[in-house]
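The values are calculated or read from the model by the stated rules, or taken from the named source; none is laboratory data. Keep in mind it's a predicted model, so treat the numbers as computed, not measured. Because the Cβ atoms are built from the backbone with ideal geometry, glycine has one as well, and the counts that use them run over all protein chains shown. These accessible areas exclude ligands, DNA and RNA; they are computed on the full protein's heavy atoms, side chains included. Shrake-Rupley method; radii C 1.70, N 1.55, O 1.52, S 1.80 Å.
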Amino acid sequence: MRTAVFAVVAVGTSLVAVGPLPARGAPDQPALDQSAAVPDAAVPPADGTFRTGPAVAPPCSGVPIRTTDNAAKVVDDAPTGTTFCFTAGWHRITETIHPKADQVLAGNTGAVLTGSVRLTRWTANNGDWVTTGVLPPAYPQTGQCEDNTANICYLGEQLFLDSKHLTRVATRDKVAPGAFYADYAANAVYLGSNPAGHSIEMSKTQTAIESSATGVTVRGLTIEHFATPPQGGAVVLGLGWKVIANDIRWNHGVGAMLVNADGAVLEKNHIHSNGQLGIGQYSTLKATIASNEVSYNNTDGFWIADWESGGIKTTWSSGGQVSGNLIQYNRGIGLWSDAYDDSRTFSSNQILRNAADGIRYEIGRNGVISDNVVSGNGFGTGRGSGTSLWDGGGINVNTSSNVQVRDNVVANNVNGIAIQSRTRGSGPWGTNLLRDIVVSGNQVTMRGGTTATGMVQNAGAVIPAGEVTLNDNVYILDSLTAERFQKTGQWYTAKQWRGTGQDTASAFTLGKAVLDATGILTILPPTS
């Protein structure tokens, strides 16, 4: 679909749409109350019509894997290039499946790969129920938790009552209906809900599918309840893999992880409700992450503001794109490039109501962030969250170089576009610096509170003149006299901001932005 952006102005007592409006960039300086619009951008709808998951996979024809089979052994015994069809039903994966080159792992309708085991031996115990002998030995913490006192987010053995995810608590005395406590020293699990007549599952196997083989395809499967460690994936893509039209859900760490997965394609998957992160990518060249729905991730309490939780995170990767994805309601950052990503393109995504930044491009270079719809992000209230430009915004560029932020709709986020220059040490490209940032062609709505667009710097990372340019944008504001712009500690009204040399050919208008589920933005007058 295409995103049409309209401005709406009052005429008498009625509202009249005026748009699509002309493209920006005219040489004459616009009036402060001029309305305008960004070019159309294709984004996925969030109205329930965006189709992903096994329902869009083609039928499977190949070697059947039945629910009673040892799937890992069946795959291991077959030659390269074999296509396998998992039959309908629950396949309990007790050891990781390691496909060979060019093999296809596909599912018939209703095929579920689960990493959990059933817990059936419960004994009433002082108002709770207990089972013993089901946990692994205690293991050290990795990752960072939102609750950094209890620090239990890293523990991978999750419980599900009739497929409903239960809440882990840190001590036995906190056990209540809907919650459980795992005592690793005593090898005992305490449950606060009566298990009689219910199915109780515990995630146990760490990884569903992973191998060093090339050209593997995974499609049409539901993959759930794997006890993946932090930063580990239930499905780990390799070189040239295609992971298409799967439902990847309720795994403890990352749903799908690309590791040294040059040329891989992750497409049309529904990746949701995973404990830490929906999608991760590391050390990968020219991969494609496209047309996925990535939603409601970070169910197990990882640090929301600043540790790899939420929707999608990519690191140490070059080229490739993240495009056409619906990324919403994640408890963390929607889409995050961090630590030496090079030449990455984030385009035509719809990024809605994530707890931290909508998009963050951090310690990278040569990035393009274009044609995205970014709305309602950054309102998390957990540890490290806040409302200043230091805390981020709809789009946040942090200590990166040669990044273009263009033709995006950025509406009703905690801040508009935040440019941050921080002291971040050195890496493979030398000292990490904020340089050559161009912000143009965007439509940015800022209303109320401390909402702002602009740049901040710390004392050790001063931004040289001319390294950040904002121009040819449209700003929809609640007031033309409100200070909605910031430059290294100083606040400005629209007119004053233009006087700093920024946004001299941009438009500033009064209005209220209403973004519908298909990504169409309507600008209403301030009184609406």
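May I ask you to list pairs of residues, at least six apart or on different chains, whose Cβ atoms are under 8 Å apart, with the first in region 89-100 being without any contact (Cβ under 8 Å) to a residue 24 or more places away in the chain and the second being small (Gly, Ala, Ser)?
From region 89-100, the pairs are Gly89/Gly110; Gly89/Ala111.
Applying the selection to region 174-185, what residues are open to solvent by 60 Å² or more (accessible area, probe 1.4 Å) and either among the aliphatic types (A, V, I, L, M) or closer than 19 Å to Thr132 by Cβ (or both)?
Once the filter is applied, which keeps residues that are open to solvent by 60 Å² or more (accessible area, probe 1.4 Å) and either among the aliphatic types (A, V, I, L, M) or closer than 19 Å to Thr132 by Cβ (or both), region 174-185 yields only Ala185.
With respect to Pro64, determine if the residue is in a loop (DSSP other than H, G, I, E, B) and of a type outside the set (Phe, Trp, Tyr).
When the stated conditions are applied, Pro64 does not pass them.
Could you check region 258-356 for strands (runs of 3 or more DSSP E) lying wholly inside it with 1 or more residues that are under 13 Å from the mean Cα position of the chain (by Cα) and within 23 Å of Thr518 (Cα to Cα)?
270-272, 277-282, 288-290, 293-295, 310-315, 321-323, 326-328, 333-338, 345-347, 350-352
Listed residues Gly192, Gly232, Gly197; which is at pLDDT 95 or above and open to solvent by 20 Å² or more (accessible area, probe 1.4 Å)?
Gly197
For residues that are among the hydroxyl-bearing types (Ser, Thr, Tyr) and in contact with an Asp or Glu (Cβ under 8 Å, 6 or more places away or on another chain), scanning just region 182-214, find the one that is nearest to His225 (Cα to Cα).
Across region 182-214, the extreme among qualifying residues is Ser203.
If you take the residues in region 471-481 that are touching an Asp or Glu at 6+ places or on another chain (Cβ under 8 Å) and in a strand (DSSP E or B), which one is most open to solvent (accessible area, probe 1.4 Å)?
For region 471-481, the residue satisfying everything is Asn471.
For Ser61, all conditions in the list (1) open to solvent by 50 Å² or more (accessible area, probe 1.4 Å); (2) modelled with pLDDT under 95; (3) of a type in the set (Gly, Ala, Ser) hold save one; what is the number of the exception?
Among (1) open to solvent by 50 Å² or more (accessible area, probe 1.4 Å); (2) modelled with pLDDT under 95; (3) of a type in the set (Gly, Ala, Ser), Ser61 violates only (2).
Within the set of pairs 6+ apart or on separate chains, which have a first residue in region 171-184 that is of a type in the set (Ser, Thr, Tyr), a second that is not in a loop (DSSP other than H, G, I, E, B), and C-beta atoms under 6 Å apart?
Qualifying pairs under 6 Å: Tyr181/Arg172; Tyr181/Tyr190.
Might you let me know whether region 500-517 holds any residue that is more than 27 Å from Pro45 (Cα to Cα), β-branched (Val, Ile, Thr) and part of a loop (DSSP other than H, G, I, E, B)?
yes
So, of the residues in region 420-464 that are of a type in the set (Ser, Thr, Tyr) and under 19 Å from Ala339 (Cα atoms), which turns out to be surrounded by the fewest Cβ atoms within 10 Å (Cβ to Cβ)?
The residue in question is Ser426.
I'd like to verify a number: residues in region 518-528 that are within 18 Å of Leu352 (Cα to Cα) and open to solvent by 40 Å² or more (accessible area, probe 1.4 Å), how many?
Residues meeting the conditions: 2.
Being under 18 Å from Trp90 (Cα atoms), open to solvent by less than 40 Å² (accessible area, probe 1.4 Å) and part of a strand (DSSP E or B) is the requirement here; does Phe160 meet it?
Yes, satisfied.
Mind listing whichever residues of region 243-255 are assigned to a loop (DSSP other than H, G, I, E, B) and either of a type in the set (A, V, I, L, M) or open to solvent by 10 Å² or more (accessible area, probe 1.4 Å) (or both)?
Listed by number, the residues that qualify are Ala245, Trp250.
Go through region 291-315 residue by residue and tally those that are open to solvent by 10 Å² or more (accessible area, probe 1.4 Å) and either aliphatic (A, V, I, L, M) or out of contact with any Asp or Glu (no Cβ under 7 Å at 6 or more places or on another chain) (or both).
9
Being closer than 27 Å to Ala517 by Cβ, surrounded by fewer than 23 Cβ atoms within 10 Å (Cβ to Cβ) and modelled with pLDDT of 95 or more: is that true of Thr217 here?
The answer is no for Thr217.
Can you confirm whether Ser212 is open to solvent by less than 60 Å² (accessible area, probe 1.4 Å) and either closer than 18 Å to Ile93 by Cβ or hydroxyl-bearing (Ser, Thr, Tyr) (or both)?
no
Go through region 482-510 and give me each residue that's polar (S, T, N, Q), modelled with pLDDT of 95 or more and surrounded by fewer than 21 Cβ atoms within 10 Å (Cβ to Cβ).
Within region 482-510, Gln490, Thr493, Gln496, Thr500, Gln502, Thr504 qualify.
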